[in-house]
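Report on one structure; see the data block that follows.
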Amino acid sequence: LTTPSSTTLLHDARLRWTPTALWQRTLHIQNLSAQRIDVTPTQATASTGAPQLPASLRLPLRIDIDHLAVGALQIGPPGALRSYGSLSGQMHYDQGRYRAQFTALTPWAHAQLSASLGDAAPYALQASLSATHIGLPGKAAERNAADLRARGALRDFTLDGTLQMDAARARLQARLTPFDATPLRSARLSSNALDPSAFAAGLPRAALNVQLDLGPSSAQRLVGSLRVRNTLPGPIDQQRLPLHSLSATLAGDAQQASAHDLLIDLGAGGQIRGTLHWAQPELQARLQVAQLNARALDGKLAATRLSGPVVIDASAQQQSVQATLSQPGWDVRVQAQRQGDTVHLRQLLLSALGGRLEASGTLSTAGTQAFELSARLRQFNPAQFGAYPQAALNADLTASGALTRRQAKLALQLAPSVWRGHTFTGHARLALDPQRLWDVDAALTLGAN
């Protein structure tokens, strides 16, 4: 079967029907099946705007299709057909109503659809969809499920149901007008008491109430809002999530999206405000941190009130982050970039009350994960940053190696420094792996010894 936009090939197609039923004005098909259907697009179909509501769906005959089956549906260019799974079911038409039941087994879900549709305006519609094994091919679990119900008319109907993905359960409510220029009239996705720790070991506990609302602002553009409230906030060292709430105003279309009036409330930990903007294929974040209290985020850290800008730019090939935070006597700066398989730490600066740490380096995310690091400490006191030993460190450090091999070469030069009240100086050069040390050259002088 060839059309201007595609070529369809049926393999081992079969039809079994009862011609005599036509005398009773009934088209009775016992079996309509194909072992495989291949669909090859020949050219892109030009958009003609919103689809048109049919004038009528009435047929002159009653229809009974007892068994309809497609063993495998494949779509794509020649030599690169992609499998979309199998389909089976039945369909009937009688007394002004279509009734259908279908089962589909696809790489992304196992689904069952039951629907009825009137044959005259306003085309009364009722449908239910149940799906399990939702997810990427080879990674979907049976518990990933959806139960959806549609009610109304073909031109204007509501969609209501629940979605379950791993430990997350959400409710969907939407109103759709598929024959309008703006087919989505409204949508709300909500979830209560969402707990990140239920997804993977090591993630913090929380109880997140999430609500996403969307609606049209024009024929092609959507607007909405995102609201998140955590009813179980707490510091990271208590395995809690310090987030109290998050809110943003959303807008976007198929080519770009933005989040304005972004507010991340960390309670006693401070606030983060800003905007996010995505224009295919790049994401930009412009954030402003206010009164960030590290101790409220993690009880082992020092109390702070850091403020300043954070700039994030990301694409598939390159990502970068730049943060400049300060308060009287404190300065924290981070500048990092990922290009291809290499992460560059351009600058790390921690400066507090006269002490200073500066570092830079690179890390490859491919192969042996080779790395290089250099650091410089001047009167650096770890105790200024949290529950760490008192010290005044003056040192220059370089390191290089391969993470996957667990190998490294280190070089350390210590100027007179203080650690737990003891003064020392010295140097060290060595190479190491999990089994041995070699090329060791080290000397340490403690006090006058």
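Tabulated results
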item: Filter result for N209 (at pLDDT 95 or above and on the phi < 0 side of the Ramachandran plot); result: yes
item: D156 farther than 30 Å from S197 by Cα, of a type in the set (D, E, K, R) and in contact with a Pro (Cβ under 9 Å, 6 or more places away or on another chain); result: yes
item: Unmet criterion (only one of (1) more than 23 Å from Q164 (Cα to Cα); (2) in a loop (DSSP other than H, G, I, E, B)) for D237; result: (2)
item: Some residue of the stretch 77-84 being in a strand (DSSP E or B) and either acidic (D, E) or within 19 Å of P107 (Cα to Cα) (or both); result: yes
item: Residue within the stretch 348-359 that is touching a helix residue (DSSP H, G or I) at 6+ places or on another chain (Cβ under 9 Å), more than 19 Å from Q335 (Cβ to Cβ) and buried (at least 16 other Cβ atoms within 10 Å of the Cβ) present; result: yes
item: Single residue of Q35, Q30 found to be of a type in the set (S, T, N, Q), touching a Phe, Trp or Tyr at 6+ places or on another chain (Cβ under 7 Å), at pLDDT 95 or above and farther than 22 Å from P183 by Cβ; result: Q30
item: Members of the stretch 303-322 found to be outside any strand (DSSP E or B) and at pLDDT 95 or above, listed by number; result: A303, T304, R305
item: Selection from the stretch 174-195 of residues that are in a strand (DSSP E or B) and either without any contact (Cβ under 8 Å) to a residue 12 or more places away in the chain or more than 23 Å from A50 (Cβ to Cβ) (or both); result: R188, L189, S190, S191, N192, A193, L194
item: Where a residue in the stretch 260-283 is more than 13 Å from I312 (Cβ to Cβ) and its partner, wherever it lies, is assigned to a helix (DSSP H, G or I), with Cβ under 6 Å and at least six apart; result: A268/A296; G269/A296; G269/L297
item: Tally of residues being of a type outside the set (A, V, I, L, M, F, W, C), over 22 Å from L306 (Cα atoms) and either surrounded by 14 or more Cβ atoms within 10 Å (Cβ to Cβ) or within 21 Å of the chain's Cα centre (by Cα) (or both) across the stretch 238-280; result: 9
item: Any hit, the stretch 263-277, residues being touching a helix residue (DSSP H, G or I) at 6+ places or on another chain (Cβ under 6 Å) and under 18 Å from D331 (Cα atoms); result: yes
item: Residues that are polar (S, T, N, Q), surrounded by fewer than 10 Cβ atoms within 10 Å (Cβ to Cβ) and modelled with pLDDT of 90 or more, drawn from the stretch 40-74; result: S56
item: Residue check, S130 in a strand (DSSP E or B) and either within 24 Å of R16 (Cα to Cα) or of a type in the set (S, T, N, Q) (or both); result: yes
item: Residues being over 27 Å from G252 (Cβ atoms), free of Cβ contacts under 8 Å to residues at least 40 places away in the same chain and over 23 Å from the mean Cα position of the chain (by Cα) - total across the stretch 130-173; result: 4
item: Flag for G340 being surrounded by fewer than 13 Cβ atoms within 10 Å (Cβ to Cβ), modelled with pLDDT under 95 and within 28 Å of T398 (Cα to Cα); result: yes
item: Number of the condition not met by A359 [criteria: (1) outside any strand (DSSP E or B); (2) of a type in the set (A, V, I, L, M, F, W, C); (3) within 28 Å of A302 (Cβ to Cβ)]; result: (1)
item: Matching residues in the stretch 402-428 - criterion: being within 17 Å of Q369 (Cα to Cα) and part of a strand (DSSP E or B); result: A402, Q407, A408, K409, L410
item: Residues of the stretch 4-32 that turn out to be more than 26 Å from Q95 (Cα to Cα), of a type outside the set (A, V, I, L, M, F, W, C) and surrounded by 10 or more Cβ atoms within 10 Å (Cβ to Cβ), as a count; result: 6
item: The stretch 315-338 residues that are more than 19 Å from G270 (Cα to Cα) and in contact (Cβ under 8 Å) with a residue 12 or more places away in the chain, paired with ones that are in a loop (DSSP other than H, G, I, E, B) and of a type outside the set (G, A, S) (beta carbon under 7 Å, 6 or more apart); result: S315/P281; A316/P281
item: Pick from the stretch 364-401, criterion part of a strand (DSSP E or B) and among the aromatic types (F, W, Y), ranking: surrounded by the fewest Cβ atoms within 10 Å (Cβ to Cβ); result: F371
item: Only listed residue being under 28 Å from Y84 (Cα atoms) and either of a type in the set (A, V, I, L, M) or exposed (fewer than 15 other Cβ atoms within 10 Å of the Cβ) (or both), chosen from L136, L194; result: L136
item: Answer residue from the stretch 212-237, given it is over 22 Å from the mean Cα position of the chain (by Cα) and within 30 Å of Q256 (Cβ to Cβ) and is modelled with the lowest pLDDT among those; result: A219
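The values are calculated or read from the model by the stated rules, or taken from the named source; none is laboratory data. Everything numeric in this text was worked out from a predicted model, so none of it was measured. Don't worry about glycine lacking a Cβ; one is built from the backbone with ideal geometry, like all the others, and counts go over all protein chains shown.
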